[in-house]
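Presented below is the structure to which this report refers.
The values are calculated or read from the model by the stated rules, or taken from the named source; none is laboratory data. Quick caveat: nothing in here was measured; it's all calculated off a predicted structure. Methodologically, a virtual Cβ is constructed for each residue, glycine included, from the backbone with ideal geometry; neighbour enumeration extends over all protein chains shown.
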Amino acid sequence: MVTVIVLLVAVAIVAFVFYWSGRYGGRAKPGTSLRRGPRSHTTARGRPKVGYDRREDAEARARLLSKRDGAPMNVYQCAVCAKWHVGHSK
Ligand SMILES: [Zn+2]
């Protein structure tokens, strides 16, 4: 009888470890990754991007970033928040 209990406990521990590793293991973050793309509302880290109410403001920021990073930036109107975001053109 004791053997059965020990066996059950062992199985429970193994099941728990599998559940835990499946949940917190090296899986990609869910949710925001679905929206990731060249015209995204979120950054590569999954946080919401800075949104500008006016296209001119976003363009001014894009010019600044292009100059700083040497990489071409573009602006686009977001489908999620309807504001203007700055992003890499590629
Ligand atoms: Zn947005």
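Here are the numbers for this structure:
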quantity: Hits in the stretch 1-30 - residues which are exposed (fewer than 10 other Cβ atoms within 10 Å of the Cβ) and modelled with pLDDT under 80; calculated: Met1, Gly22, Arg23, Tyr24, Gly25, Gly26, Arg27, Ala28, Lys29, Pro30
quantity: Residues of the stretch 37-74 that turn out to be polar (S, T, N, Q), farther than 10 Å from Val86 by Cβ and in contact with a Ser or Thr (Cβ under 6 Å, 6 or more places away or on another chain), as a count; calculated: 1
quantity: Subset tally (residues that are away from the ligand (no atom under 14 Å from the Cβ) and not in a strand (DSSP E or B)) for the stretch 66-90; calculated: 9
